[in-house]
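Chemist: Shown below is the structure under consideration.
Bear in mind that the values in this text are calculations on the coordinates, not laboratory data. These figures come from a predicted structure and were not determined experimentally. Here the Cβ is made from the backbone with ideal geometry for all residues, glycine too, and neighbour counts use every protein chain on show.
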Amino acid sequence: MLSDRGSNRSLALAILLGLAGVGAGIVAGFLAGASPKLLGLAVVAVGIVWYFFTKFEQAVLGLLILRSSLDVFSDLQIPAAFAVGLDALALLYVIVSLLTGRIIRTDGFWWFLVGWVLLQGLWLILLHLGALGLDASYLLTSIREWVRLFSWVMVYLLVMQLKDRLPPEKVISRLFLALPLPIAVALLQIPQGSDRIVGTFGTANTFATFLLLFISLVWWNLYKTQQQWFWLMLLGLLCFFLVSTKSLFSLMMIAVFVLVLITPRLNVAKLISGVLLLGLVIALFASTEFGQQRLASIAQTPLLNPDMDISRAILLSQGDSNSFNWRLSQWNLLLNAWKQSPIFGYGLGLSIPVAGNDLLPHNDYIRALVEGGIIGLITFLALFAAQFIHLLRLIQQTPYESKQRNLCFILLAMLSSIPVGMITENIWSHTTFFFYWWVLLAVASWNWNEQQIREDITFK
């Protein structure tokens, strides 16, 4: 029975590959006549698809590792092409699996994420119908934003297919291969006298959230290995580069991360290690002239200056270099615009044209409100609430002091810091951070106690 089923699947796959080969031949003939470059791209695409299906585990891990090095090519639209290509591979995988009777592994949270992203498509329809604050001429920009969100769903799905194929710890350990190139580029930027280190990322702030995520993974490794000296050295290195980004919001995020992480199971060791980590980052940040200026600038804001109200801070932002006062001005501008379209907003990814100054809101809650209106903000908050609930359930279901439970605690602490950072930063636009975030959330959802590792690439 099993052999017959396996032979039927092999036959179906062979037929599919044969039809694909005929189609590829026809397309290749057309492209050869149209442009040799297009033919070359088609050959590369066929090679990638072949490798994807014959070496599935290695291909997926390779895609995960590669993503951290692509933002430097944003001007060439390489990250966008990567997202589209990854979506295409994932959808092709689903189609082939359905046609050949293979199991597609998912979980409850993945279905919630699918539903959430599909719901965001409502704003594409409304924009096309002219029912939002902007007209349909901005539809292409909104579609790009929706594709970016959809790619996170596909990342989660692909990682779920590695379940029972690879150990979860191996998947997480391979993610550290995403660090060397960004770190190497950052090292080269230091002697060049760069004001803020960006690594392979477009901005220092996106590099900062990327580093924060891997700092959390290093912390997790510290509690599951005897070779703590290696992870302590890596932790110090990542903290050094985090400070070199000179991102003030990252100090707030790491403070919340440490607080949430050590509070539930507070003991002397965890308290000392948490205080040392936070103290190290703050001391390094305050030791630089730029860091001192950033910290001193807070005193000239309504946060710490009782003699300064918000209206005065907005006026001062036109002439001073205080980034927080500038943010108040930007938020005021966008909130006034939101009042013109309060229920459904202006459309996905359209906060920049709404602002009219080519700048993001620097507050993701205001961004969600402007782009999606009150309804959009509710869905935005619901996504994070669902992640909190999901992680808390995993913590309850996993054995005490297990590696999976510790990872869930780490992710919960990281998740707690994200809403804090979103108050003054555009974290929602940090695509690479969320790319790896969904990878980790998918791995954390596996049943680590029942992992059955398979040596071949066959499917159940």
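Chemist: At what distance in nm do the modelled label points of Asn332 and Ala385 sit from each other, each positioned 7 Å from its Cα along Cα→Cβ?
Modeler: Modelled inter-label distance: 3.2 nm.
Chemist: Given the options Ser142, Val96, Thr106, identify the residue whose Cα lies farthest towards the positive end of the charge dipole of region 41-145 (+1 on Cβ of Lys, Arg; -1 on Cβ of Asp, Glu).
Modeler: Among Ser142, Val96, Thr106, the one farthest towards the positive end of the dipole of region 41-145 is Val96.
Chemist: Sticking with this structure for a sec: What spacing in nm lies between the two simple spin-label points modelled at Tyr365 and Ile423, each 7 Å away from Cα in the Cβ direction?
Modeler: 0.8 nm
Chemist: Using the alpha-carbon centroid of each, what span in Å lies between region 154-173 and region 380-429?
Modeler: Result: 19 Å between the Cα centres.
Chemist: Further question: Using only alpha carbon pairs under 8 Å that are at least six residues apart, calculate the relative contact order of region 127-264 and give it in whole percent.
Modeler: That works out to 16 percent.
Chemist: Based on the Cβ-Cβ distance of Arg393 and Glu57, what FRET efficiency does E = 1/(1 + (r/R0)^6) give at R0 = 22 Å, to the nearest 0.05?
Modeler: 0.20
Chemist: Could you calculate the FRET efficiency of Phe176 with Ile125 from 1/(1 + (r/R0)^6), where r is the beta carbon distance between them and R0 is 45 Å, rounded to 0.05?
Modeler: 0.60
Chemist: Now for a different question. From the phi angles alone, apply the Karplus equation (6.51, -1.76, 1.60; θ = phi - 60°) to region 387-404 and give each ³J(HN,Hα) in whole Hz, x where the residue is Gly or Pro.
Modeler: Using θ = phi - 60°, the values come out as 5, 4, 4, 4, 5, 5, 5, 4, 4, 5, 8, 9, x, 4, 6, 6, 5, 5 Hz.
Chemist: Using a basic spin-label model with each label point 7 Å from the Cα along Cα→Cβ, how many nm lie between Arg196 and Leu76?
Modeler: 2.5 nm
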